[in-house]
Amino acid sequence: MDAPLPSATARQALYREMSPLNLTPLWEVLHALVPPQPASPCVPAHWKYEEVRPYLKRAGEIITAEEAVRRVLILENPALRGQSAVTQSLYAGLQLILPGEVAPSHRHTQSALRFIVEGTGAYTAVDGERTTMHPGDFIITPSWTWHDHGNEVEEPVVWLDGLDIPMIRFFDAGFAENGAARSQSLTRPEGSSFARYGHNMAPVRGDAPFGATSPIFSYPYERSREALHQLERCAPLDAWDGYKLRYINPLTGGTPMPTLQPFLQRLPAGFDGQGWRQTDGAVYSVVEGAGTATIEGPKGTLRFDFQARDHFVVPSWQTLRLQSTAGCVLFSFTDRPVQQALGIHKEERLA
Ligand code: GTQ
């Protein structure tokens, strides 16, 4: 065997001897630090509701919402176990609230979205106003607003929590505090925000009540579903997305939340979509119907046959193709607003 080249030995000696000073050579890591294209450590994953539901039920038997504060099973990316993250920037979980329970009031800098998966009639209260939950409703908890959840009906209610927890952790910019009371006192009747901002109209005077976040807490499914059905009758079908709309902040036309962009899309019966990739990894919640998501990444191709109430995650820059024989409706959210603010968002639609 040849003796190591003097340069290799000299390099190893340099690395070893400078290491106590917390110095390390860039040239050994440059390629991974500045990759030629996104190389997410995340993998695609699919949570079938029929498989998750029994564990949610068991969680309901071993801990109360009160004790847990939030009784949530976190959807962890299989490649990021232990990090409470579904992608490097996004958090997702399924929250259960049983009849009679209250998830006590608190507030935090992290922004949350709720997408109702099962059950009708639980409420979330934000800043003195309650919103009743129905399957398919998209509900916002703006950063630093008091919020508590409760269930005064007879059935369990489950929703998808989408938060920017990993982003806020990355910036080391998170604050949180608990409310003095279990439930916040109500200062406005239900529907006040929607009356002011939910009809393509806005108050004549006054600022945006939640700054960069939408003044509407709840985007009822009844409305958004109707929009998609109308589109199906009158708009051309998009070969990649089917019929897809983004939720907006009515005061700006932009994203409803500074860190997250939610979407709703309908794939008509027989949809056989084309593939596309985007730098924002996406979390999907299947609202109605069934279909197939084919995700092609560096380690191969995965195929998820999804049904209503299933969830799946598509990592950054992996190619997604959607198909549906009978038709379906999909909710999804990504970190697109942050990438757009940084001028780095990129999308590629493959022919
Ligand atoms: O409902 O406030 O899934 O603070 C994680 C953190 C839900 C909530 C989560 C939270 C909440």
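Taking a sphere under 14 Å around the Cβ of Gly254 and counting the other residues whose Cβ falls inside, with K and R at +1 and D and E at -1, yields a net charge of +2. For Trp144, nonlocal amide neighbours, meaning residues 5 or more places apart or on other chains whose placed amide H falls under 5 Å from its own, are His108, Thr109, Gln110. Computed 3J(HN,Hα) for the range 297-306, one whole-Hz value per residue from the Karplus formula 6.51 cos²θ - 1.76 cosθ + 1.60 where θ = phi - 60°, is x, x, 9, x, 10, 10, 10, 10, 8, 9, glycine and proline marked x. Straight Cα distances below 18 angstrom link Lys57 to the lysines Lys48, with same-chain residues fewer than 8 positions distant left out. What you get for the range 244-351, charging only the Cβ of Lys and Arg (+1) and of Asp and Glu (-1), is a dipole of about 100 debye around the Cα centre. Close amide H partners of Phe306, meaning residues 5 or more places away or on another chain with modelled amide H under 5 Å apart, are Gly291, Thr292, Ala293. For Gly291, neighbours were defined as the other residues whose beta-carbon sits under 12 Å from its Cβ, and their charges (Lys and Arg +1, Asp and Glu -1) total -1.
Placing +1 on the Cβ of every Lys and Arg and -1 on the Cβ of every Asp and Glu, with no other charges, gives the chain a dipole of roughly 480 debye about its Cα centre. The amide H of Val153, built 1.01 Å from its N in the peptide plane, has Gly100 as neighbours under 5 Å, considering only residues 5 or more places off or on other chains. Counting only residues at least eight positions apart within a chain, or on another chain, the lysines with an alpha carbon under 24 Å from that of Lys346 are Lys244, Lys299.
Taking the beta-carbon count within 10 Å as an exposure proxy, list Leu160, Leu186 from fewest neighbours to most. Kindly include the intermediate steps, with their values, before the conclusion.
Details: Leu160 23, Leu186 11.
The order, fewest Cβ neighbours first, is Leu186, Leu160.
The distance separating the Cα centre of the range 2-37 from that of the range 111-166 comes to 50 Å. The Cβ shell under 14 Å around His229 holds other residues with a net charge of +1, Lys and Arg each +1, Asp and Glu each -1.
Each value in this text was obtained by applying a stated rule to the coordinates, not by laboratory testing. Nothing here was measured: the structure is a model prediction, and the numbers come from that model. In this analysis, Cβ positions are derived from the backbone assuming ideal geometry, glycine residues included, and neighbour counts consider all displayed protein chains.
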